[in-house]
Each structure stands twice: as C-alpha cells, then as structure tokens.
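Asks: Mind having a look at this structure? Questions to follow.
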Amino acid sequence: MANLFISYSRADQDQVRPIVETFERAGLSVWWDELIDPGRRWSDALEREIDAADYVIAFLSRNVFASDNSYVAVEIERAHKQDKLIPVKIGEFTMSIGIEGVIKDRQIILTPNFDSFVQGRGFLRVCRLLNRGTTIAQEPKTETASDWLETGPSLDDLSTAIAIAVAESAPLATVTPLARDLERRLGEVLGAQAGAEKALGTILASRTKRLAAVGAVRYPETHGRLGIEIECVRFADPHRAYDLLLHVWDEFDGLRPALIDWLGHLTHTVGADTRLRIGLMIGTLARNRFASVYDNLIRPWMLDEHPATRDVADIALSIAVFDATLRSAVSDLVRDLTGSRDQKHLRAAVELACGYTGSRIEGLSLDVLKRVAQSKHTNFKVLEVMRAAVEYLVQQSMATEDQSLFNFGKLIGQLADWACRPDDGTPQRLPIYLFLNLMELLPLTAPATVDGLLSLQALMEREDTRNATAAVFEAALRDGGSDAFSPRESAQATLKNWQEEGAEADGPDPLLTLARAIYVACTTDRDRDRLVHTLRRRYTRTRLAEPSLDLSATPVDDA
C-alpha cells in the first residue's frame, strides 16, 4: 500500500477533502495536515510525514501563491530532493519562478479545477504514476538525452531540440524560428557537414514528425491576457530539457561558441515571456555548472549594452541562488563589482541589487546601493542607473504574465528602512531621493492580469509595505530641502500625480489608504495641515482622520 502526503493551501481544504477520500477508497494510505496532533509543532510533523511518504502530491492552485506564509514551497522542495514529488496544477495561472524552477523536471498533471481532477484523467494519471491497479499501465521508460545524442541526430533535430530546451513551454510559433536560426549558426561551425545534415533533416518535413523525432509534444495553452488558445511545445520527458542542455554544454565543446552567440542574440530579440524561460533554464544550468556558465554567459550578459540581455543575466543569477551553496558566492561577486572604476561594472551592481537577484539575497540591495553611493566615483549617477533599471523591470513585468521574480515591495521596504534609519556615511536625503524616484514610476492601480507589487494599490494591500511607504512620505513632507532637492516638493508632486490619475480601484482607494497612514504617522498639526493641503482636491481632513468612514474614492469639493 502506497503512503501519500498531500501538500496544498489551507484555503483549498474543503476541495481537497473529497480527493483525499477518493485516494483512501482506492486503498491508499493518505496523510494531510488535518491529521496533525494538537500541540505538535507543524514543521516537525510535516518533515516526518514527508520523509515517511512514498509520494508527495502537491496541489498547486492560485491560493498556494497568494500567501507568503505557505508551507507548500518548503514541502515541495523537500519532496523534490527525495524524488517523490507529483505536482498537480489546478487551473490556468502563472506559478512563482521559485516553485516552477523546482518542479520543471517533473511530470506536471494539469487539471482545470479540483472537481475535474477526480472526474477526469488527473486521478488516473496519478494512479499510473503510482503504478496502482492491474489495468493501468506503467509509464513507459523514456530515452535519456545523452542516449538520444549518441544516436547522431540530424542538425535539424538537434537545433529543434535545443530550441525547445531553452524556451520550453513557449508557443511553437516562437520556438520554430529560434530553431532555424540555431541550425544556421551550427551549420556554419560544422562547415561541409552542414549540407549533408540539412539534407537529412528534410526527411522530417512536417512539424509533427520533427517534434516526435526529438521527443517533444504540442499542447494547447490559454493566453492569460488575451484569452486565446495558442499551440505550445514541450518535451514529453520532463527531464529532457535540462539533461540535453547539460550534455551539450559538457560534451560538445566545439559547438559551445555558436550556442553562446545564439543565446546572446535571443536575449534581445525575443519577448519578455521567452526571456523569462531562457533565464530560468540558464539559471538552472548554472546551479550545477556555475563557474563555466557564469564566465561564458552570465557575466558577459551583465555587462552588455542591451538592457534585455542584462535582464536575462539577472534572472539567471536569481535562479542560481535558489541553491543555498551558491548564495554567498553570488553575493560576493555582485559586491565586488562596486569596487571597480568601470562604469559597466557599477551599473551591473546597481541593476542586480535592484532587480531579481537582490530580492533573493538578504541585505544585498541596500549594501550595494550604499557602497556605490558612498564611493568616490562622482561621475557615476547612481540615481539614474537605479531608476532606469527599475523602470525597465516595471515595464517588462507589465508586458508579461509572470511577475514573480520581481519583488518590488522588498526593494521599497529596504529603501524605506534606509531612509528612516540613515547611516553615518550617507545623508538621509539620498535614500529618500531614491525612494521617491521609484514612487514616480508606479501607477495608482495596475491591470487585473498583472501580479506582483507593481502599483500603489498593491503596495497598500500589505501592512509592511504600506507602513514603510507612509513613513518615508511623512519624513519627506517634513523636509523642505534645498534648491538642489526638496523632499517635500517631490513627495507632494507624486501624491498630486496619483490624485490627478483618479482611477477607480476595486476595493479600498489606495491613495486614501496611504494618506491615512501618513496622517497617523505625522507628529504635529503643521505636518497634518501640509498633507491635507496637498490632497485637498480629493479628501477632507475628516476623511483622512476617520478610517471608519466609507473608503470610496469619491472626490470632494474644496472646503
């Protein structure tokens, strides 16, 4: 009898219960957190039961990613390391890159909702993976990537396979031209061989035959923003993509320069979604081949002139540091860049600190910004670089469905902490200056299809970022500054811009929420008067002082 551990969000408990009962009726021994003994520590119980289980079935719904306190990510990581994880994705949505990176080499079972899991093919597929029942066949053993390469695939097949591996789960219409470009580049390296290989590749004229030859399959996917169905491609074997790239990287030294050149070209020619996939795959590869991947790909990309290429390098590094053994090395590499007199190195340090990598390494963002700000490189404009880096990330995040790598709220919180607790080496106005410049980039509200902290509305939904934001605005409104920079005028301008934007938000008005938090933080009536004067076209003093009143954003006439 197989022992199962069920991993899920507590918000889905009622929907998971009938699934647990179905497994039990099938003769399986099931453990889920309802069975935790009162008084026992959750972490101890979870670790013990995962270790004792034969399989861990993780139900990944939107609710899993809506909570910062979810145990599911920890459970998945532990089950993955023990090679007993079966992920089940419930519905259409974008998962966090952290979890997606862990389960990428797993066979993911897709089902539109919890009910259809039992009623549809999801339950049967799990049973097949568990090898339950005599009428359910065991999954066929697939050919490994190295075995496939040993058979001497055509140049066309090899190019197609590598393109799928790099941009797996991308639309087929995106992958096909990538494969043709790689085929041309590899053909130039192989020289005379290319003609014969290309001729052999023409045997696989149809896309269906070509995909079958490399072990890939097509499947429909609904586009999150457009709501249309598009044809995507991935390997039937979930291990194939990583194994293929690792084998090609290690064994085909002669093809590596052409592969590197091709990847570099892709980084600034493909869309934001595909760049995320490329960064994810390169970062995953770097976790096991860090030195060579960093030297040949990531470091040159960090210093590249094209912002999209630097963006992919940042993604790749942020994925690599999910491996705790690499975190210290990457942290040191980024900090070392701040000691250089080369403008490209300083730019790379600030961009990494304010981007994906900085949000993954505790203290890195603040440390790098302080080092650069306190350096003697007077001709290096830290504000301009930081603003350009974050503005680019905000724009790219708005253009893609997956915002999970860009933790804007964490950067805001760190800058706010620096502004409220200035160090001896930096004047307080510098972190306030940096903070307010980032605030100028944020819209009042963001489209419903965009996740992540990319609007004032999103910042106000969390108590920590709400309080941090209010504290810096309150400090700025108290500081008249100088002719060079007035924190008060900058803060007032940003608040007025949000007031003029006037977009109606679903739920509480984000500007009113911020204004009330600032009002509470003010220590004198003069400071409160200044805030009221700034927002007098939208709110009265009473509305700012009385949180129990209606939170609608209806403008009021001037008193």
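Each reported figure results from applying straightforward, stated rules to the coordinates on display, with no laboratory input. Not measured: the values here are computed from a predicted model. In this analysis, Cβ positions are derived from the backbone assuming ideal geometry, glycine residues included, and neighbour counts consider all displayed protein chains.
Asks: Counting residues in segment 254-370 as N, plug N into 2.2 N^0.38 Å and put the Cα Rg over that result.
Replies: Working it through for segment 254-370, the quotient is 0.98.
Asks: Compare the peptides 411-420, 169-178 by average per-residue count of other Cβ atoms within 10 angstrom and give them in order, highest first.
Replies: For the peptides 411-420, 169-178, the packing ranking is 411-420, 169-178.
Asks: Starting from the Cα gyration tensor of segment 272-315, multiply each eigenvalue by 5, take the square root, and state the resulting semi-axes largest first in whole Å.
Replies: Those come to 16, 14, 5 Å.
Asks: Let's see if you can work this out: charge +1 on each Lys and Arg Cβ, -1 on each Asp and Glu Cβ, no other charges. What is the dipole magnitude of segment 242-384 about its Cα centre, in debye to the nearest 20?
Replies: In total the dipole reaches around 540 debye.
Asks: Which net charge results for the neighbourhood of residue 324, defined as the other residues with beta-carbon distances under 14 angstrom from its beta-carbon, given Lys and Arg at +1 and Asp and Glu at -1?
Replies: So the surrounding residues net to +2.
Asks: Excluding residue 441 itself, what net charge comes from residues whose Cβ is under 14 Å from its Cβ, given Lys and Arg +1 and Asp and Glu -1?
Replies: Around residue 441, the surrounding residues sum to -3.
Asks: Can you flag which of 344/370; 81/104; 370/410; 381/496 are past 24 Å Cα-Cα?
Replies: Correct reply: 381/496.
Asks: Here is a further query. Could you pull out every residue, at least 5 positions away or on a different chain, whose amide H is within less than 5 Å of the one on residue 216? Hs are placed 1.01 Å off N in the peptide plane, and Pro or chain starts have none.
Replies: Placed amide hydrogens put 236 under 5 Å from residue 216.
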